[in-house]
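To start, the structure under review is shown below, and the notes come after it.
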Protein chains: 2
Amino acid sequence: MPRPSTPLLSPDRIRSVALAIIDRDGLDGLSMRKLAAELGVQAASLYGHVRTKDQLLNDIASSILSTVDVSGFEVDWREGLIRCARSYRAALSSHPNIVPFLAYGPAGREESLQRLDLLHGALVDAGWSRREATMIAAGLMYIVFGSALSSFSSGFSADPADYTDRYPHLDRAHLLPGVARELDRDSFELALAAFVRGL
Amino acid sequence: MPRPSTPLLSPDRIRSVALAIIDRDGLDGLSMRKLAAELGVQAASLYGHVRTKDQLLNDIASSILSTVDVSGFEVDWREGLIRCARSYRAALSSHPNIVPFLAYGPAGREESLQRLDLLHGALVDAGWSRREATMIAAGLMYIVFGSALSSFSSGFSADPADYTDRYPHLDRAHLLPGVARELDRDSFELALAAFVRGL
DNA sequence: GGGTTAACCTAACACTGTTCGGTTAGTCGG
DNA sequence: CCGACTAACCGAACAGTGTTAGGTTAACCC
């Protein structure tokens, strides 16, 4: 097939289909050939629109991070922290499969830094030292990313029988997928509340 | 080369060289061929001692996790939580490059579960409900893994000039590698202290 | 000393991301 | 209207990945 009348590819379409594949098949489930196939195209054609796979993932990551909302600091810094963390977590957990890439890659993402800068400024305005503000922001990110990786409760979904005998203390209620999600959210809320309260 | 007089390979040697490569070249820097080469052997030979690369990584991960110490709950549960978290973080940050794999993979690791079970039991003994104990343990893991991924301060080590103008609030002192490590540790301690205090 | 097994090898398979050189449809200048 | 040029796609290839099948030989046991 030579040049088609109307282009089959665009950066936006590539990103959106790639994200759909990641959501469906996981991070390892995305290959350039598979992505191309689902776009009705050969793999090489992608490189006219995307510099590299890593760049593609970065772009997707940035677009997800750009939905994070850091407003709400006018009221009070505690409320601002909580809202920011919730928004961050919501953004991450809407596409959980890409979180490992996000956490792995450099934190120096434009979107991430902008929001961090705002957060940092708000904390300093509230009376914290610069160093403290940095550490508080870091702590908040620990909780957000730790919970979004969610290698915790959703990582348990193996055979319940494995746990019952060997780990007497562990409640196995959280093995049910529905409960696991709820438990993850509640754990996040508890950790967040405890962290902010303890500051 | 046929069967050598003294075996060149053993699961232990393979694991230790593999971990050395990961520490030196990163998680992506480990390939079976490279590992084999450093062991003075061909790649296929590894599969007589190791079922699969993923299994190898899991074994390495388990051996790292097995150094985590969850004692210290006799004194008081707050102290126990803090000691456990510190020990966990120490174990992870001694081999930071494997943390992404650890965080990515299932939490259902034998070593991880044993310690989780103990922690859970200690919390229940201290008067928390089973559900609360689970959530507290999860929260602790969020902070530990979030901090060990350390996609925070060590992720910034780019060009300092990039930050100065665009992000006025961000202090750029933490760009210095030495400071970054210290800041990471202090951020972890602050998050941990705030979390435990806030419970 | 012969048979068995364990430890290594070579070669290959099916993938991966990425690049090079071609082929053609669309677009613009004269 | 026609030629030059570019944009968009393709086929084939490269170097690399994890993994397996089948072969070769040294060490071990009876």
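Projecting each Cα onto the charge dipole of segment A:11-50 (Lys/Arg +1, Asp/Glu -1 at the beta carbon, about the Cα centre), which of A:LEU19, A:TYR47, A:GLY29 comes out farthest on the positive side?
A:TYR47
Given points 7 Å out from each Cα along the Cα-Cβ axis, report the B:GLU132 to A:THR67 separation in nanometres with one decimal.
Placing both labels 7 Å beyond Cα along the Cβ direction yields 3.5 nm.
May I ask you to sort A:GLU182, B:GLU132 by Cβ crowding, counting other Cβ atoms within 10 Å and putting the fewest first?
Going from least to most buried by this count: A:GLU182, B:GLU132.
Which net charge results for the neighbourhood of A:PHE101, defined as the other residues with beta-carbon distances under 15 angstrom from its beta-carbon, given Lys and Arg at +1 and Asp and Glu at -1?
Once all neighbours under 15 Å are counted, the net charge is -4.
Cut-off is 10 Å between beta-carbons; in what order do A:LEU35, A:LEU8 appear when sorted fewest neighbours first?
Neighbour counts put them in this order, fewest first: A:LEU8, A:LEU35.
Applying the Karplus parametrisation 6.51 cos²θ - 1.76 cosθ + 1.60 with θ = phi - 60° to the phi angles of segment B:81-87, what ³J(HN,Hα) value in whole Hz is obtained for each residue in order, glycine and proline being reported as x?
Each residue of segment B:81-87 in turn: 4, 5, 5, 4, 5, 4, 5 Hz.
Modelled label-to-label distance, B:ARG78 and B:GLN114, 7 Å Cα→beta-carbon offset: nm?
It is 3.0 nm.
For segment A:7-18, take each phi angle, set θ = phi - 60°, evaluate the Karplus expression 6.51 cos²θ - 1.76 cosθ + 1.60, and give the result in whole Hz per residue in order, putting x for glycine and proline.
x, 7, 10, 8, x, 4, 5, 4, 4, 5, 5, 4
Could you point to the residue in B:TYR142, B:VAL99, B:TYR88 farthest towards the positive end of segment B:1-156's charge dipole, with +1 and -1 charges on the Cβ of Lys/Arg and Asp/Glu respectively?
Value computed over the given set: B:VAL99.
For A:ASP125, which inter-copy label distances result when the label point lies 7 Å beyond Cα on the Cα-to-Cβ vector, reported in nm to one decimal and in ascending order?
For A:ASP125, the inter-copy label distances come out at 4.9 nm.
Counting only other chains, and only Cβ atoms inside 10 Å, what mean value do you get across the residues of B:184-197?
Rounded to a whole number, the mean comes out at 6.
If you take every residue apart from A:ARG185 with its C-beta less than 11 Å away from the C-beta of A:ARG185, what net charge results, scoring Lys and Arg +1 and Asp and Glu -1?
Neighbourhood net charge equals -1.
Just so you know, all these numbers are worked out from the coordinates, no wet-lab data involved. These numbers were taken from a predicted model, which means no experiment stands behind them. Cβ coordinates were reconstructed from backbone atoms using ideal geometry, including for glycine residues, and neighbour counts include every protein chain displayed.
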